[in-house]
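Inspection log for the structure reproduced underneath, given as structure tokens.
The values are calculated or read from the model by the stated rules, or taken from the named source; none is laboratory data. Treat the numbers as computed from the prediction; the structure is a model and nothing was measured. For neighbour counting, all protein chains shown are included, and Cβ atoms are generated from backbone atoms with ideal geometry for every residue, glycine included. Just so you know, the surface numbers come from the protein's heavy atoms only, side chains and all, with ligands and any DNA or RNA stripped out. Shrake-Rupley method; radii C 1.70, N 1.55, O 1.52, S 1.80 Å.
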Amino acid sequence: MVDCNDSEASVLSFLRRGRRPEDVVLVACNFTPQPRPGYRVGVPEGGHWRELLNSDATEYGGAGWGNMGGLDAEPTPHHGRPLSLPLTLPPLGAVFLKPG
């Protein structure tokens, strides 16, 4: 779990891990109709995080709020982790990101 306590923003974020250490996916869900640009989420590793899925992508009939395909982790500690991502969370949507 990254953060399951942000009831004020109605956002839930967690890490899904596979059998191999490099198999990590960050999931962030926004349960409000307000987009959340710059929503910071702590991550376990640096480098580029590629957006695997954005439920608000225009391909799915959404408005296109998202992270332009991915983001680089920043050296800003958050959620007890040394690095973080300033995500754009779509309204009533979810984003899935993977390092690399």
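Residues with amide H under 5 Å of ARG36's amide H, sequence separation 5 or more or different chain, H placed in the peptide plane at 1.01 Å from N; which? The answer is LEU89. Legend: calculated FRET efficiency, GLU45 to LEU92, from the Cβ-Cβ distance at R0 = 41 Å, rounded to 0.05, equals 0.90.
Charge dipole of the chain (Cα centre as origin; +1 on each Lys and Arg Cβ, -1 on each Asp and Glu Cβ, all else neutral): 280 debye, rounded to the nearest 20. Computed with a 1.4 Å probe on the full set of protein chains, the accessible area for VAL43 sits at about 0 Å².
At the listed q of 0.20 Å⁻¹, the Debye profile of the chain, built from one uniform point per Cα, gives log10 I(q)/I(0) equal to -0.96. Given R0 = 22 Å, the distance between the Cβ atoms of HIS79 and SER10 translates into a calculated FRET efficiency of 0.85.
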